[in-house]
Amino acid sequence: MEHLLSVAVDTGGTFTDITLVDRRTGKLFKAKTPSTPEDPSLGFVTGMRRILAETGMRAQDISHVFHGTTVATNTILEMDGAECALLTTTGFRHVLEIGRHDIPRNENIYSWVKPTRPVPVERIYEVDGRMDFEGHELALLCEEQVRAAIARIKQRNIKAIAVFYLHSYANARHEQRTRDIIAQAYPQALVSLSFEVLPTFREFERSMATLLNCYVMPKVSRYVTRLEQRIVDEEVNGRLLLMKSSGAGPERTS
């Protein structure tokens, strides 16, 4: 009889934990294998092979593969992300550097040092155009400035671009149009838009979240691509589903 199996793999810095459930019987199986930081997908596959061997189950009967990973978190903590550029509304170039005008409550005011921002000011480009907080267009997007900025970014061979415009959570048309221009002028670039990453007010939080998403995109994209291919090579029929860092439900990778 065909088994309906679900596999969950949690990749940590030291160990990779694997849980398999037979959904017909409700039986739960667990395994653990050393992680492989140089390529976490290797530990992923090793763990999946181990639990299948221990249970006598077949990879072909797996219908769901759930995955939680610290690849993105570790990339941020280790400052090992992509070289990024940021497009923002004119007048907001220094939002990241200004931050919230305070320091963490538990830190010494005389010794605390502000963390290095993921993108320096020289890679932040201002663009004319503005929405108000209700989403009404106060000034048209200057597409010429967008194209000029993209040309400079492309010349510097920066392949990860974050876009953060004022009040885009209320009206995302300018950010969407910017994405279209980037796709035409620089299709190799990965793009992160603030209205998709964190569609709320508060300029510092939204710009930082958008930029960090951009910062990890190339590394995570390469990892997920490798992982999907390894799953195919193992003859697993199920789709790869990734847990969000927020703990929200899994998302399909394609």
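Taking one quarter of the surface of the convex hull spanned by the alpha-carbon atoms of the chain gives a direction-averaged projected area of 16.9 nm².
Using a Gaussian network model on the chain with a 10 Å cutoff between Cα atoms, which of His167, His101, His67 fluctuates the most? Answer for the Gaussian network model of the chain: His101.
Compute the acute angle (0 to 90°) between the alpha-carbon long axis of helix 173-185 and the principal axis of greatest extent of the alpha-carbon atoms of the chain; round to the nearest 10°. For helix 173-185, the angle is close to 80 degrees. Two numbers describe the Cα atoms of the range 90-220: Rg and Dmax, which are 15.4, 48 Å.
Residues considered: Thr25, Thr33, Thr11. Largest GNM mean-square fluctuation over the chain, using C-alpha springs under 10 Å, is found at Thr25.
Counting only alpha carbon atoms, the long axis of helix 143-155 and the longest principal axis of the chain meet at about 60°.
Extension gain, Leu138 to Phe29, is 33.4 nm, computed as 0.36 nm per intervening residue step minus the present C-alpha separation.
The Rg/Rh ratio for the range 9-105, using Cα coordinates for both the radius of gyration and the Kirkwood hydrodynamic radius, is 1.22. DSSP beta bridges confined to the chain are antiparallel in about 45 percent of cases.
Just so you know, all these numbers are worked out from the coordinates, no wet-lab data involved. Note that this is a predicted model, so its numbers are computed, not measured.
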